[in-house]
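Notes to accompany the following structure.
Readers should treat all values here as calculations from the given coordinates under stated rules, not as data from a laboratory. Everything numeric here is computed off the predicted structure, so don't read it as measured data. Don't worry about glycine lacking a Cβ; one is built from the backbone with ideal geometry, like all the others, and counts go over all protein chains shown.
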Amino acid sequence: MKEDYFDSELKKGKTFVLLIRHGERIYIEGNKAAGLSLPGPGLSSKGKAQAKFISEELSKLSKIDLLFSSSMTRSKETAEIISKKLGKKIIVLDDFQELNSKYEESLFKRFFCRDYWRMKRVSIKFNELLVNNPSKILTFILHGRLIRDLFGNKLKISFEKRKDIVMNNCHITFLKFDKKKLETVYCVNSKYFDWN
C-alpha cells in the first residue's frame, strides 16, 4: 500500500486503525484463569520476540499518531516494545482488558456476565476515539476476544461466528473508518505489512 494513498485518505478525514493482539503471555501451571486476572502475567520470551518483530513491521509505516494499550501487563509490555521502536507515548485504556470466555457463550450468559457491561463501555469509548481522531492512524494493543468483539460489532457478525475469527499473538487487523463507520478491511490477523 503506497504512502500517498494514506496521505490522500487522511486528508479526507479518514481514520486508520491497527488492532494488534499482545505477544504470547507467560502461562502459569495449574491456573487457567491467570490470563483474566488483573494485571495478569507478562510476556514470555517468545512474546517479547513477537512484539519486537511487530514493532519492526510497524516501523515500515511512516507515521502512527496514537498508541493505545489495555492496562493488562502483557499488552502494556507489548506496547512498550513498540513504543520504544516508534518513539510514541502509550495511552492506557483501563476498560479494554481481556473478555471472559463466558461472554461468548450465550445471550443470557453475556447479559449477566460483568464483561457484557464493560464491553458496552469499550464500544462507546472506541467510537469516541474514532470520531475524535479524524485524519490519524490509531494503533491498539489489545486482547483476542476484545479485538474479535470490536471487529465483529462493526461488521455485524453474530457472536457464534465471531468465535471462528482467529486472533494470533502480535498479528494485525487493519481497518479504515469514516468517523465510526467501518469503510475498509485491509487485513485480519496478518503477521506482515506489505506497504508496497
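Sorting 167, 72 on the 10 Å Cβ count, fewest up front, what's the list? Write down the numbers at each step before the final one.
Details: 167 19, 72 27.
By the 10 Å Cβ count, ascending: 167, 72.
Give the lysines reachable from residue 179 as a straight Cα distance under 24 Å; neighbours fewer than 8 places away on the same chain don't count.
2, 11, 12, 14, 63, 88, 89, 120, 125, 136, 154, 156
Sorting check: for 182-192, 130-140, which peptide has the highest mean count of neighbouring beta carbons within 10 Å, and how do the rest follow?
So the peptides 182-192, 130-140, ranked by packing, come out 130-140, 182-192.
Rank by packing, highest mean first: peptides 17-23, 42-48, 160-166, with packing defined as the count of other Cβ atoms within 10 Å averaged across residues.
Working: 17-23: 25.6, 42-48: 17.3, 160-166: 12.7.
Answer by packing, highest mean first, reads 17-23, 42-48, 160-166.
Around residue 122, what is the net charge, scoring Lys/Arg as +1 and Asp/Glu as -1 over all other residues with Cβ under 9 Å from its Cβ?
Working: positive: 118, 120, 121, 125; negative: 95, 149.
It works out to a net charge of +2.
Along the three principal axes, how long is region 115-160 when you take its alpha carbons, biggest first, rounded to the nearest angstrom?
Principal axes ranked by extent give 34, 20, 17 Å for the Cα atoms.
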